[in-house]
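This is the structure I have questions about; it appears just below.
The values are calculated or read from the model by the stated rules, or taken from the named source; none is laboratory data. Everything quoted here is computed from the prediction, not taken from an experiment. Here the Cβ is made from the backbone with ideal geometry for all residues, glycine too, and neighbour counts use every protein chain on show.
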Amino acid sequence: MSISRPVLAGSLLCALCLLVPSVPRAAAQSRVKPTLLVFITVDQLREDYLEKWSSQFSGGLKRLVEGGAFFTNAFQDHAITETAPGHASTMSGRFPRSTGITRNIAGVNNDPNAPLIGVNGLSASPFRFRGTTLTDWLTSADARTRALSISVKDRGAILPIGRSKQQVYWYAGNTFTTSKYYGDSLPDWVKAFDARHLPEHYAGKTWDLLLPPASYPEPDSVPIENQGRNFVFPKTLPSDSAAAAAVLPASPFMDEVLAAFALDGVQRLGLGKGPQTDILAVSFSPTDYIGHAFGPDSREIHDQILRLDRTLGRFFDSLYKLRDPGTVIVALTADHGATPLPELSQQRYSPPPLRVSSRPAVAAARAVLSAAGADTLAVELESGALFIDPTKSGVTPVLVNAAADSFVAVARRTPGVLMAERFAALASRDLGKDVIARRWVQMFPPDIPVQAVVTLTRGSYPDPFPVVLHGTPHDDDAHVPIIFFGAPFKAGRYAQFTRTVDIAPTLAQALGVTPTEPLDGRVLTAALR
């Protein structure tokens, strides 16, 4: 791979919403230095959503798709397409093998030095993240640069800006919080926002279709969706305010709260006033929660994307009232896509997808250790990667190799397995043509000892998993949109092969800053004026 050094709903959001047109032609053609980068990640946004439903857009997604530089052939070009590695790669310009963020389970949690402030929950910080991000490059060029990063999820807020100790907040049940990594207390503006109890205001609110039912080709009644519960419209949030706030992330209304919080932060922190370039990073998480429950072919995800479009439209209108549109640039992408349930996609893939058990292959690896009297708990299969802990009792390098070989041999005989291979052997493949091998090679740094990897056939699921999944090297999970919007970019659709690691170097070029380390990504010069 090339290495370069560049050369909310109505009441909440409409209180701030003023009808401002899209970027004026004069502003779009100006060469004024951007003072605010708005970096949007939509969790679990498949690229094809923007293709299928664009004719029904009327808000922010419409503005970006029609007025931005839209890369339609873009990918999270690594194997474990989960939230943590996806968010870590976008603003760093580097694959997981460089960021060290390889899986959700080894993402931001369990830092003993970073308990949450004011609430109970898993500690969180970027303590596993390696290297720098665009935020660091901007602050190296101008120490006045500030960043605000928010999400429902801790990893969605933390990882886009890496180790930088900026303003980083996530949703903890009914309020926004952060951890001791970023400070000892919440600032007054966050306390004031939490004191408004906006999430609780949605108690008893009904989520019904935004458009007439005939506008949705997807069937409404699919009993396998959402594990057989509440799978038809309309859907009503609990009447109890605390219960409503707790489940709000699994509804479109959480996007409205995130947008309101972001706008409040822009105002209270004075982001984008210049002369430096500030960053507002927002990871909109509800699409992921809704996608896991209902899947990419559901009426629910269709309606969610339409509602996100409207929420983003009101968000941009309000933001452009606060800041000159000519000084704002926007980038949008996703951390991963999603794969439909095997039971609903038998005709989509060949061979038809299966539910696949890895237990026999794991048992074979453990049997090797057991026969030698070694600790069988050394063997762990997680996210398709086989780990064998060499520090466990009785485990030797010879046993590690024998156990891994046994795992691979059994996995290869398992129906529904596309590839099972020793990890070290993948580098010898033709990585330009072997997409699956390339994405695995770009996954792990040398000091994270992965012994073997297994990839199921396209559309197949590990058994048993009752919810919609992502996390594979297949394009269903890897194919995401990339859009740049604002004065430095040439609007249009670009079909060239692109990776999310190309986003950061492209933004750095547009902002006139130089990365402080080698990158895996390259500048997308086609999109730059």
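List pairs: first residue in the stretch 474-502 and at pLDDT 95 or above, second residue part of a helix (DSSP H, G or I) and of a type in the set (D, E, K, R) anywhere in the structure, Cβ distance under 8 angstrom, at least six positions apart or on different chains.
Cβ pairs passing all conditions: A478/R439; H479/E47; H479/D48; V480/E47; P481/E47; I482/D502; F485/R63; A491/E66.
Next question, about the same structure. Any residue in the stretch 128-141 that is of a type outside the set (S, T, N, Q), closer than 20 Å to I448 by Cβ and touching a Pro at 6+ places or on another chain (Cβ under 8 Å)?
Taking every residue of the stretch 128-141 in turn, at least one turns out to be of a type outside the set (S, T, N, Q), closer than 20 Å to I448 by Cβ and touching a Pro at 6+ places or on another chain (Cβ under 8 Å).
Now for a different question. Identify the single condition in (1) part of a helix (DSSP H, G or I); (2) over 30 Å from T135 (Cα atoms); (3) aliphatic (A, V, I, L, M) that L431 does not satisfy, given that it satisfies every other one.
(1)
Mind listing whichever residues of the stretch 136-152 are in a helix (DSSP H, G or I) and out of contact with any strand residue (DSSP E or B) (no Cβ under 9 Å at 6 or more places or on another chain)? Steps first, answer last, please.
Within the stretch 136-152, the subset in a helix (DSSP H, G or I) is 136-141.
Within the stretch 136-152, D136, W137, S140, A141 meet the criteria.
Every residue in the stretch 104-135 that is in contact with a Ser or Thr (Cβ under 6 Å, 6 or more places away or on another chain) and not in a loop (DSSP other than H, G, I, E, B), please.
L116, A124, T135
Considering only residues of the stretch 320-338 that are farther than 18 Å from T277 by Cβ and of a type in the set (G, A, S), which is surrounded by the fewest Cβ atoms within 10 Å (Cβ to Cβ)?
Checked the stretch 320-338; the qualifying residue surrounded by the fewest Cβ atoms within 10 Å (Cβ to Cβ) is A338.
Can you tell me which residues in the stretch 298-317 are among the hydroxyl-bearing types (S, T, Y) and surrounded by fewer than 23 Cβ atoms within 10 Å (Cβ to Cβ)?
Residues of the stretch 298-317 among the hydroxyl-bearing types (S, T, Y): 298, 311.
Scanning the stretch 298-317 gives no hits.
Residues of the stretch 46-63 being under 30 Å from F129 (Cα atoms) and buried (at least 24 other Cβ atoms within 10 Å of the Cβ), which ones?
R46
Let's see how each residue does on (1) under 26 Å from G93 (Cα atoms); (2) at pLDDT 95 or above; (3) in contact with a strand residue (DSSP E or B) (Cβ under 9 Å, 6 or more places away or on another chain):
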{"position": "L280", "(1), (2), (3)": "yes, yes, yes"}
{"position": "Y289", "(1), (2), (3)": "no, yes, no"}
{"position": "I301", "(1), (2), (3)": "no, yes, no"}
{"position": "R314", "(1), (2), (3)": "no, yes, no"}
{"position": "G326", "(1), (2), (3)": "yes, yes, no"}
{"position": "T333", "(1), (2), (3)": "yes, yes, yes"}
{"position": "P342", "(1), (2), (3)": "no, yes, yes"}
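Restricting to the stretch 215-248, name every residue that is surrounded by fewer than 22 Cβ atoms within 10 Å (Cβ to Cβ) and either closer than 16 Å to F284 by Cα or not assigned by TED's automatic domain parsing to the domain that holds L198 (or both).
Listed by number, the list holds a single entry, V247.
Within the stretch 448-471, can one find any residue that is modelled with pLDDT under 95, of a type in the set (D, E) and in a loop (DSSP other than H, G, I, E, B)?
Yes, the conditions are met somewhere in the stretch 448-471.
Out of the stretch 317-331, which residues are farther than 17 Å from V257 by Cβ, in contact with a helix residue (DSSP H, G or I) (Cβ under 9 Å, 6 or more places away or on another chain) and not basic (K, R)? Steps first, answer last, please.
Going residue by residue through the stretch 317-331, those that are farther than 17 Å from V257 by Cβ are 317, 320-331.
Imposing the further condition that a residue be in contact with a helix residue (DSSP H, G or I) (Cβ under 9 Å, 6 or more places away or on another chain) reduces the set to 317, 322-331.
Within the stretch 317-331, D317, L322, D324, P325, G326, T327, V328, I329, V330, A331 meet the criteria.
What residue, of G270, G295, is on the phi > 0 side of the Ramachandran plot, surrounded by fewer than 19 Cβ atoms within 10 Å (Cβ to Cβ) and in the same structural domain as P199 (by TED's automatic domain parsing)?
G270
Restricted to the stretch 206-237, and to residues that are among the polar types (S, T, N, Q) and assigned to a helix (DSSP H, G or I), which residue is nearest to the chain's Cα centre (by Cα)?
It comes out as N226.
Yes/no matrix, rows are residues, columns are (1) closer than 23 Å to D136 by Cβ; (2) touching a Ser or Thr at 6+ places or on another chain (Cβ under 9 Å); (3) modelled with pLDDT under 95:
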residue: I150; (1), (2), (3): yes, yes, no
residue: D154; (1), (2), (3): yes, yes, no
residue: W170; (1), (2), (3): yes, yes, no
residue: T178; (1), (2), (3): yes, no, no
residue: V190; (1), (2), (3): no, yes, no
residue: E200; (1), (2), (3): no, yes, no
residue: G204; (1), (2), (3): no, yes, no
residue: P212; (1), (2), (3): no, no, no
